[in-house]
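Enquirer: Here it is, the structure in full.
The values are calculated or read from the model by the stated rules, or taken from the named source; none is laboratory data. This structure is a prediction, so every number in the text was calculated from the model and none was measured. Cβ: placed from backbone, ideal geometry, glycine included. Neighbour counts: every protein chain shown.
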Amino acid sequence: MIDFNLGTLDLSIMILYGVFIIGYGIYHSKRNSSEEYFLGGRSLTWPVVGISLFAANISSSTLIGLAGSAYLLDMTVYNYEWYAVLVLVFFAIFFLPFYLKSGVYTMPEFLEKRYDERSRYYFSFITVVGNILIDTAASLYVGTLVLGLIFPDLEPWIVILILAASAAAYTIPGGLNSVVKTEVIQAIVLIFGSCVLTWYGLSAVGGWGGMITQLDELKAAGITTKDASEAMTIIRDNDGEWWRQYSSPIVPWWGLLTGVPLLGFYFWANNQFMVQRVLSAKSLNHGRWGALFAGLLKLPVIFIMVIPGAIAFLLFREKEVAFQTTSGLCKNLADCTDFTYPTLIFELLPPGLLGLVVAGLLAAMMSSISATFNSASTLITMDFVKKFKPDMTSQQLVKSGQISTLILVILASLWAPQIGKYGDLFRYLQDILGYIAPPIVSTFILGLFWKRATSTGSFVSLLFGMFMAAVWVYGIVTEIDYWFFQLHFLLRTTVLFVLCLIVHILVSLASERPAAEKLKGMVWTPKLIAEETEELKDLAWYQNYRILSVLLLIITVFVVGYFW
């Protein structure tokens, strides 16, 4: 049986870390104006932007999900990590300049500039709902898993309240500047803890070579169907009917050409939760360098966050466990993979390091929670409150953001316990994102690259996407036995995207052409390349984002090629 008790030293480290991070966040509060509160005064440098992006992305829910999927010897989840490099390079080239030059606070505000306020309100509402259902609630749910193991007598709602209150303690008074400054510290702790865990894990299985040998021996003994060459690859075919929702692996090879780019594009280039950090950059170059730095940080994730899941399979596949889940007692780790990461740290790490790594996991939770609180409160304040009361002072807008954050804390806390009923956390995250992303991505892409895209086309396609998502959800929940409702979520994402594109194009062609002044500075044209080349010619090579992008892509090719 696995022992999840913490000693005095480990508990002390956790408490001291929590007190430190809250105090550090409050110390760096900036709330003299709405720009300081919501965008950190647009003064962030590229290292802070990059680390903040990474910390907000590698939340506790991602960490738990990656290790859990890898426990099933499914390394294909890493495709979401390295694909971020491609998306961020594309984002830095095409979208970021328009975002920063427009001077917007939010992504929905950008949609209004390109289309109209209907698209803005829709996107803002959907993003706030997504932040509650996906990011905040998932992080709170992970908190109930980890702290529930350490303190089994604590009710889940108490754990949720503690985590939400801890994150809100510095997010409400400090705004984005407090969020990103704490994220830098939390990212460092998280990366260090993950590296330590990988080191101890590999040591337990005889190093890299020992891990490979054990995987091959299990295949030879018929215990698993995958040898090392299959288990460690990130490119695989589906088992059985390739198009089905729950066929294995999570990310088949065709997903790299379909759903993965769409989900990645929404998450990194359209989601207020992430883009808000880049909007806070002190200049376009700092924003670009920060985005590329975040991409670079994503590449080692396979070594420090994915492979530990495979190590857990070798170590614990025959070990008795006892996890209390919402669906009952779990005695086999394969049936409750969300507990893979906690099992690893409690079984492998010595006192002291255990407390630090648990603190790192809690750091990831707080990082994600505080980030979503701040981004969602920004959306509510700037896209709704300010629109209805345009005469509000800067201080009143800040107060509105603080009240919005408090309301979001309550809503996310109420929803978090429901996630456990879904089963696998990673599938929950991707399923929800697969409904939200396609209509938004199609609207942004057509808006930036097609002058003929109209506001009516955008709004109708967004509503159509919501309708189709509702149809799919209804069919899945009611278990309708028809192929349309059984599609793999990556295939469903692609189908929804294509349908929204078609609707947007047809409605745009049938409606009045946008006014020329509406399109000024909002649509990409090839001549922008020449203008940008002129701007970059006086920069040193290590400051030229184009050269840095090529170098990053080369590194990515080598890492991905090794695990191909």
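Enquirer: In region 452-551, which helices (runs of 4 or more DSSP H) lie fully inside it and hold 3 or more residues that are of a type in the set (A, V, I, L, M, F, W, C) and over 30 Å from ARG120 (Cβ atoms)?
Expert: Answer list for region 452-551: none.
Enquirer: Now, a different point. Given the conditions (1) modelled with pLDDT under 75; (2) within 21 Å of the chain's Cα centre (by Cα); (3) in a helix (DSSP H, G or I); (4) surrounded by fewer than 22 Cβ atoms within 10 Å (Cβ to Cβ), and given that GLN430 satisfies all but one, which numbered condition is not satisfied?
Expert: Of (1) modelled with pLDDT under 75; (2) within 21 Å of the chain's Cα centre (by Cα); (3) in a helix (DSSP H, G or I); (4) surrounded by fewer than 22 Cβ atoms within 10 Å (Cβ to Cβ), only one is false for GLN430: (4).
Enquirer: Separate question: Those residues that are within 17 Å of SER119 (Cβ to Cβ) and either surrounded by fewer than 18 Cβ atoms within 10 Å (Cβ to Cβ) or in contact (Cβ under 8 Å) with a residue 60 or more places away in the chain (or both), I need them from region 457-479; list them, please.
Expert: SER458, PHE459, LEU462, LEU463, MET466, PHE467, listed by residue number.
Enquirer: While we're looking at this one, here's another question. Anything in region 229-276 that is aliphatic (A, V, I, L, M), modelled with pLDDT of 75 or more and surrounded by 15 or more Cβ atoms within 10 Å (Cβ to Cβ)? List them, or say none.
Expert: Matches in region 229-276: MET232, ILE234, ILE235, VAL251, LEU256, VAL260, LEU262, LEU263, ALA269, MET274, VAL275.
Enquirer: Return the residues of region 534-564 that are under 16 Å from LEU297 (Cα atoms) and among the hydroxyl-bearing types (Ser, Thr, Tyr); say none if nothing qualifies.
Expert: Selection gives SER549, THR556.
Enquirer: Here's a follow-up. For region 89-104, which residues satisfy the criterion of being among the β-branched types (Val, Ile, Thr), surrounded by 19 or more Cβ atoms within 10 Å (Cβ to Cβ) and part of a helix (DSSP H, G or I)?
Expert: Scanning region 89-104 gives a single hit, VAL89.
Enquirer: Have a look at LEU408, LEU414 and point out the one that is at pLDDT 70 or above, surrounded by fewer than 23 Cβ atoms within 10 Å (Cβ to Cβ) and within 30 Å of ARG492 (Cβ to Cβ). Talk me through it step by step, then tell me what you get.
Expert: Working: LEU408 fails: surrounded by fewer than 23 Cβ atoms within 10 Å (Cβ to Cβ).
Going through LEU408, LEU414 in turn, just one is at pLDDT 70 or above, surrounded by fewer than 23 Cβ atoms within 10 Å (Cβ to Cβ) and within 30 Å of ARG492 (Cβ to Cβ): LEU414.
Enquirer: Name the pairs: first residue in region 65-87 and over 12 Å from VAL301 (Cβ atoms), second residue surrounded by 24 or more Cβ atoms within 10 Å (Cβ to Cβ) and of a type in the set (S, T, N, Q), Cβ to Cβ under 6 Å, at least 6 apart or on different chains?
Expert: Going by the 6 Å Cβ cut-off, the qualifying pairs are GLY68/THR337; GLY68/THR340; TYR71/THR337; TYR71/THR340.
Enquirer: If you go through region 503-523 one residue at a time, how many are farther than 14 Å from ARG452 by Cβ and modelled with pLDDT of 85 or more?
Expert: 1
Enquirer: How many residues, within region 105-147, are charged (D, E, K, R), at pLDDT 85 or above and either under 21 Å from TYR435 (Cα atoms) or within 20 Å of the chain's Cα centre (by Cα) (or both)? Break it down into steps so the answer makes sense when it comes.
Expert: Keep residues of region 105-147 that are charged (D, E, K, R), which gives 109, 112-114, 116-118, 120, 135.
From what's left, at pLDDT 85 or above: 112-114, 116-118, 120.
Next cut, either under 21 Å from TYR435 (Cα atoms) or within 20 Å of the chain's Cα centre (by Cα) (or both) only: 118, 120.
Matching residues across region 105-147 total 2.
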